[in-house]
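Here the structure comes first, spelled out in structure tokens, and everything after it is commentary.
The values are calculated or read from the model by the stated rules, or taken from the named source; none is laboratory data. What you are looking at is a predicted structure, and each value in this text was computed from that prediction instead of being measured. For neighbour counting, all protein chains shown are included, and Cβ atoms are generated from backbone atoms with ideal geometry for every residue, glycine included.
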């Protein structure tokens, strides 16, 4: 019987994990808002003027979600989207290769900070 091996590049693995993390964070925020105020996917769709099925497909991962849509959903949830990129520190046992070093000194006007996290949703000021 033939055997098939599926190969995923390290960059695609990181991308898939990031996207799934964003979706999980949005779903968690929606669940929290649903418990607090009864907010549903239909309410999100109405707030950003799209059909509920679009929101459903995006949150289930059946349709790609743009960064603009993520920001719109955060707004509709009363949350503030933030983005950060902490330096990768892969320990022993990690299935990810060490990150490639990028020289930012050649890029003009680049702020170099030690942090920038995955999308974090905080309660927006009311």
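Details
- Unique match (being free of Cβ contacts under 8 Å to residues at least 24 places away in the same chain and farther than 30 Å from residue 88 by Cα) among 48, 54: 54
- Of 50, 22, all but one fail to be outside any helix (DSSP H, G or I), touching a helix residue (DSSP H, G or I) at 6+ places or on another chain (Cβ under 9 Å) and either farther than 11 Å from residue 76 by Cβ or modelled with pLDDT of 95 or more (or both); the exception is 50.
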